[in-house]
Each structure stands twice: as structure tokens, then as C-alpha cells.
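Just below is one structure, and these are the notes that go with it.
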Amino acid sequence: MTSSITTGVVNNVQNTDTTTGRSGRNPLRALGNAIRSCLRGPVLAALAVPQLLLLTAATVAASLLGLGVGALLVPPTILAIRGLAGLRRRLAANWSGVEIRDPYQPLPDAEAGFKGAWKRCQAMLSDQATWRDLLWLLVDPVIGFTVAIFPLSVFAYGVFGLLLPQLWQSIADSGGNTWYLWIHVTDSGAAGTAALFGVPVMLAGLAIAPGAMRAHTALAKSLLGPTARAEALAAERKVAHLTETRRDALTTQAAELRRIERDLHDGAQARLVAMGMNLGVAERLVERDPEAAKQLLAETRQASASALNELRDLVRGIHPPVLADRGLADAVRALCMDSPLNVTVSAELPGRPEAPVESALYFAVSEALTNAAKHSGAGHVDVQLWYENGTLKTQITDDGNGGADPSRGTGLRGLERRLATFDGVLAVRSPLGGPTTLTMELPCELYSRRTSSS
């Protein structure tokens, strides 16, 4: 009987991969995965302590809503709950290979004072995911705790069986429980028989550990993952966002085309027409009045140089050659050298993004420096450019007067629209008196090798 149990347990361990649920052909790796699952169970069970503490804190904060104090206590409490739930999602991804996406709706922009706290409190309490998190705090310390600790408990019970030949006499003398499974341990022979079952019980604990880990993860996913309604709302928000950014991109493109057409019509085109007229006059004067013809040709040469400079400026406004040739880091450095402000640049990029993303961030930095020079009263600007976790990031800090607000001007709104076309974001921190910090993030992949270093 013992042999058949052991064989079945070993086969179960060999055919189970605890992290992904796939069948494993390597017995040692499968056994290692089973041991890891068994040891990870107490870690998941230990989450019951902060879960119960946060559930108590949430109950107290909610009970104070009627007094108004709860509006100040509920948001940080819910954020702490979401932080713990986020930890469980990461453990599910790292330990079980199961991705659990955040189900939360976007929060309103932070506002100072009681009004801002009340708006965030209302937004959090109206989010269905908040109540599912609270349900998780209530259910997981009971069901999740039991599922998580059960495999290690079975394994420990098997170890206890192995030690019964040395322990049974002390247990019997102290009046403790002398039963092991269905065996009544009253002498050394019975203790030895019980010890024979210790190994299969230990293997049984290891064998059920992967299933218990998957069950615990399934419980977490059912409560902490997005519901079908939440996914539908997220899809609607994504469609609305894409529609808005597409409209903004088309509007920006049309405005850019009008600007190029205007610059060509009022600048280079006018000069080229004048050059043609001057050449025609010079052609008629070359024999009758050579000096006048030479003067017209000299003026035409100057006009051609001016037209060439205007065309170069126009090309730089469309896509700067230094950006195409040297990459974003050097292009930003060249841009900062032309700024009237004292600008320091720190840039370290291991590669180059796609050209549209590179161009969007370049012109966003250019616009930010222009705004700082015109409106901030700053003397020094610090520009940092780096790549982290699949995101191209730029932080621009000036020592100006502060008070920048995207809702009160078109400059920062234009930056937001430019970045939103590529799913980028702009964060503004600008207290009165300064400093002002703009943080721009663009999700992208880097492809080519680095062309320069800081």
C-alpha cells in the first residue's frame, strides 16, 4: 500500500510544473518546483495579517465618512489596499505565470484641500474594483490562508510521522494525542509503522502544493482581476482615447501643412519670384548697362542665400538633420545650445526609437524650452533623458517662477496632445515660486545602437 501511494505521488510531482501548470519531464525540476510551491504557501498565508489590518482600517475610515474625516482617511487606506493587491498580482505573475491586470478606473487629478480629497474618495468608492478588493480582504484570510498553508501542514505532518519513534513516549507520558492517521501509537512497533507512512505523507504534501498554488492564484484572479464590464469600459475608454488622439494628430498635421505652405509662400517662394524677375532685368541690361546688371546679379545672389537659409530653417522645423543623423540625445544637446537659457543636459540612451517617436519627443522638448524662456523667468534649465522599462522618459526642470497649469494655457496642452498621439503622458509639477518640473513619458522600443553618450 505504501509503495502504491509513493509511486502515485512521485508520478504526480513529476508531471506537474508549479509555476506554469505545464507538464514537466524532468523529475528533479518538477520536485524543485513542488518544494518551492510548498515553501511559498506560508508567504501567501502571511498576507492575512496586513489584509486584516487594512480591512479594519477601511471599516474605521468608512464609519467616519459621516463626520467628514473619512473623506481624508478613505483615499490613503484604499491606496494601501491597492498596493497590497498589486503585490499579490506581481506574485501571481512571478510565481504562477498568471498575469492579473489592474482593474481600476482612472482617478481624477489631485486637488489640494478637502474638496480634492472628497472627489478622490467618491471616485474610489464608485469603482467596482474597490469593493472587490475589500471582498478579497475578507475572503482571502480565510479561504486563501487555508489553501496556502495546507500543503506545508501535510508535509510537516509527514515529518512528524518520521519522528514518532523518538517522540511517541514523551507524547504519551504528557497525555497528548497518540494517534497518527489510523494508527494508535502505544509502543515502539506502532511508532515504527507510523514512521513508514511519514514519507508518503510528505510526498503527498509536495504533490498537492502546485495545485494549491494554482487554486490560490485562481482565487486572487477571480477577485483582483478586471470583470467583463470593467474590460468593456476600459475598451471604450481606449477607443475614445484613440479617437481623440487621432483627431488631434490630424488637426496638428493640417496646421503644420498650413504653416509650411505659408512659410513657403511668404518666404522662399517670394524670394525665388523676385530672383527670376531680377535675372530677367539683368539679362536685358547686360549689354546696355553692365554695371547695373552686375548689381542686380549681386542682389540675386544674396536673395538666393536668404532663400536657402529659409528653406534650411523650414526643413529643420519639419525634421532636423541632426536628429536624423546623430539621434535624439545629440539633437537635444544641439537644441539646448541654441536656447537663450543656461541649459544642462544629461542623456543616456542605449538605442534609438522609431523616427516618429523620436521626432515627437524632440519637438516636445523644444516647445518646453521655448515656454520656459518666454514665460517662466528662469535662468537655468536641467534636461534629463533616459530609457527605462520600455518607456522613453524626459524630465525638464527650471528655476523659474512656477505656477504652470495645463488647464490655463495652450502651450502645455499642445505638449499633451503631441505626446498623446503616441500614448505618451505629461506630468506637470509647478508650485508657485517654482521650480517647475515637466516629466514626459513615451512608451516605445529602442532599435538601433547608441550613437552618443552623455
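Kindly report, to the nearest 10 Å², the accessible surface of Leu65 as traced by a 1.4 Å probe over protein heavy atoms only.
Its heavy atoms expose roughly 50 Å² to the probe.
Compare the peptides 379-391, 362-374 by average per-residue count of other Cβ atoms within 10 angstrom and give them in order, highest first.
Final packing ranking: 362-374, 379-391.
Please list, by residue number, every one of the chymotrypsin sites (Phe, Trp or Tyr not before Pro) in the stretch 146-186 that is coil in DSSP and has at most 10 other beta-carbon atoms within 10 Å.
Sparse-neighbourhood loop chymotrypsin sites (Phe, Trp or Tyr not before Pro): Trp182.
Say a paramagnetic label sat at a point 7 Å from the Cα of Leu39, along Cα to Cβ; which residues of the stretch 189-216 have their backbone N under 16 Å from it?
206-207, 209-210
With +1 on the Cβ of every Lys and Arg and -1 on the Cβ of every Asp and Glu, and nothing else charged, how large is the dipole of the stretch 342-431 about its Cα centre, in debye rounded to the nearest 20?
Dipole magnitude for the stretch 342-431 comes out near 280 debye.
What distance in nm lies between label points placed 7 Å from Cα along the C-beta direction at Ser304 and Thr186?
Those two pseudo-labels are separated by 12.0 nm.
How much accessible area does Met275 have with a 1.4 Å probe, in Å² rounded to the nearest 10?
The accessible area comes out at roughly 30 Å².
Which whole-Hz ³J(HN,Hα) couplings does the stretch 382-390 yield from phi under the Karplus relation 6.51 cos²θ - 1.76 cosθ + 1.60, θ = phi - 60°, glycine and proline marked x?
Couplings: 10, 10, 10, 9, 8, 10, 8, 6, x Hz.
So with the 1.4 Å probe, I'd like the accessible area per residue for the stretch 139-222, rounded to whole Å².
Per residue, the stretch 139-222 has 48 Å² of solvent-accessible surface.
For Lys294, tell me the accessible area in Å² from a 1.4 Å probe, rounded to the nearest 10.
Its accessible surface works out to 130 Å², give or take rounding.
The values are calculated or read from the model by the stated rules, or taken from the named source; none is laboratory data. Just so we're clear, the structure is a prediction, and the values are computed from it rather than from any experiment. Because the Cβ atoms are built from the backbone with ideal geometry, glycine has one as well, and the counts that use them run over all protein chains shown. Accessible surface areas use protein heavy atoms only, side chains included; no ligands, DNA or RNA. Shrake-Rupley method; radii C 1.70, N 1.55, O 1.52, S 1.80 Å.
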